[in-house]
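Each value in this text was obtained by applying a stated rule to the coordinates, not by laboratory testing. The shown structure was predicted, so the numbers you read here are calculated from the model rather than taken from an experiment. Please note: Cβ atoms are built from the backbone with ideal geometry, for glycine as well, and neighbour counts cover all protein chains shown.
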Amino acid sequence: MMKTYGFAATSCDAPLAPFSFERRELRDNDIAMDILYCGVCHSDLHQARNDWGWSQYPMVPGHEIVGRVTATGKAVTRYKVGDAVAVGCMVDSCQTCDQCRKGEEQLCRAGNTQTYNDKDRITGERTYGGYSKHLVVREEFALKVPETLDLSRAAPLLCAGITTYSPLRTWNVGPGSRVGVIGLGGLGHMAVKLASGMGADVTVLSRSNAKEKDALALGADRLLVSTDEAAMAKAASSFDLIIDTVPVKHDLNPYMPLLDVDGTLVLVGQVGPLNEPSTVPLIMGRRRIAGSPIGGIAQTQEMLDFCGRKNILPDCEMIRMDQINEAFDRLERSDVHYRFVIDMATLTPDTAAA
Ligand code: NAP
Ligand code: ZN
């Protein structure tokens, strides 16, 4: 076993604190990596606070992981020591069901293994995430980071990036598509950059106009204030796809009339009940409400390569590991521009022992 350390939540109301633990010995198809950077996703906050009701403690969050390979198991073929690699929300799946065989491991019939707050499929040991120094992962669940991408900014692509890229691809977004993005946070700002990179006409739907300048700078064509009823009425039937990233229970009814005929509102935010949506705009406009979880490994690599070619990177605010609790508080207040990334060089045995 490899001794390592990180930051963990020990209960739903305790701040994250230093935590020592072990990573498994390398299996034949495993790589070991030093974690250099880890993004801070709102899902980390949901899970640390047990918003979804299935949290196990202690929990080391973190599923936007970038680092370098330090060792390889004897059957590893894709990676060598020194390679820049990334790991997202999954570290394993059955690999045999129809979904896995199609490269949709996130939809594995037997359930994928999550990077943290889950159990290893072989030993049943708890999985611990990227708010830590080292990681061991089977090579099939590691991604290659294109050389052109700045490693210090690439980590959020592994969740915020793929979670927004995947629905853009599912609903065939391209030049001329009219895309709305509800909520300009971590996922929202990646949705804007990716949709705009695909040539779409992009509108940010935000609760106020405070982020208008940012939205335009990120590549959006305009910002629509979702609380402005007159502006919302004017935008009726003007979107093909709306990606909803709101992290709390909310009302879809103001957004449904914005979709054109056959348009889709895809939920990626929050996990749980919503306020009751009315069937009227759904039926009358043949509109749809859909959901989408992250994306498969092959598509995650496709997204990284797309970002490499287009030089698309998140806007990051680098933090020290010991600033994580403050970052969680700010995330809760939507005070993030637009993704916190932990510089893992700031996590030392001293920080961990402090
Ligand atoms: P985030 O950075 O906190 O951004 C969420 C944005 O939603 C905020 O910036 C804000 O934008 C808007 N918002 C916040 N509170 C709101 C409220 N009370 N009412 C309306 N809008 C509100 O969060 P994130 O990291 O992007 O994650 C967003 C959600 O996606 C979370 O629920 C997360 O768990 C989920 N998620 C899902 C998947 C998946 O696979 N489907 C993957 C990753 C994350 P404005 O200020 O512009 O309104
Ligand atoms: Zn995430």
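With contacts taken as Cα pairs under 8 Å at a separation of at least 6 residues, the stretch 133-287 carries a relative contact order of 18 percent. Using C-alpha pairs under 8 Å with a sequence gap of at least 6, the mean separation divided by the residue count of the stretch 1-124 gives a relative contact order of 21 percent.
Length gained on full extension, CYS97 to MET2: 31.0 nm, using 0.36 nm per residue less the C-alpha separation. The stretch 92-134 and the stretch 151-204 have their alpha-carbon centroids 25 Å apart. Can you give me the C-alpha center-to-center distance between the stretch 13-33 and the stretch 329-347, rounded to a whole angstrom? So the two Cα centres are separated by 21 Å. Given R₀ = 45 Å, what would the calculated FRET efficiency be for VAL248 paired with GLU25, taking r from the Cβ atoms and rounding to 0.05? So, using R0 = 45 Å, E works out to roughly 0.60. In terms of surrounding Cβ atoms within a 10 Å radius of their Cβ, HIS337, HIS189 rank from fewest to most as HIS337, HIS189. Across the chain, C-alpha contacts under 8 Å between residues 6 or more apart give a mean separation that, scaled by the residue count, equals a relative contact order of 18 percent.
Please compute one quarter of the surface area of the Cα convex hull for the stretch 6-152 and express it in square nanometres. The partial results should precede the final answer.
On the way: hull surface 35.7 nm².
Computing the convex hull of the Cα atoms and averaging its projections yields 8.9 nm².
Kirkwood hydrodynamic radius, computed over distinct alpha-carbon pairs, for the chain: how many Å, to one decimal? Its Kirkwood hydrodynamic radius stands at 20.6 Å. On full extension, the segment bounded by SER237 and ASP83 gains 50.7 nm, given 0.36 nm per residue less the C-alpha separation. Each of LEU143, LEU194 was scored by other Cβ atoms within 10 Å of its Cβ. Listed from fewest to most, they are LEU143, LEU194.
Note the full-extension length gain between ASN311 and THR10 as 0.36 nm times their separation in residues minus their Cα-Cα distance, in nm to one decimal.
Working: separation 301, 0.36 × 301 = 108.36 nm, distance 3.83 nm.
Length gained, ASN311 through THR10: 104.5 nm.
Residues within the reach of a label modelled at TYR57 (point 7 angstrom out along Cα to beta-carbon, backbone nitrogen below 11 Å), restricted to the stretch 5-30, are 9-17.
Of GLY197, GLY186, GLY161, the residue with the greatest mean-square motion in the GNM of the chain, using alpha carbon springs below 10 Å, is GLY197. Ordered by the number of other Cβ atoms lying within 10 Å of each residue's own Cβ, fewest first, ASP13, ASP150, ASP322 fall into the sequence ASP13, ASP150, ASP322. So for the stretch 257-354, Kirkwood radius off the Cα pairs, Stokes-Einstein at 25 °C and 0.890 mPa s: how many µm² s⁻¹? Stokes-Einstein gives a translational diffusion coefficient of 139 µm²/s.
Only bridges whose two residues both fall in the chain count here: according to DSSP, what percent of them are antiparallel, nearest 5? Of those bridges, close to 55 percent are antiparallel.
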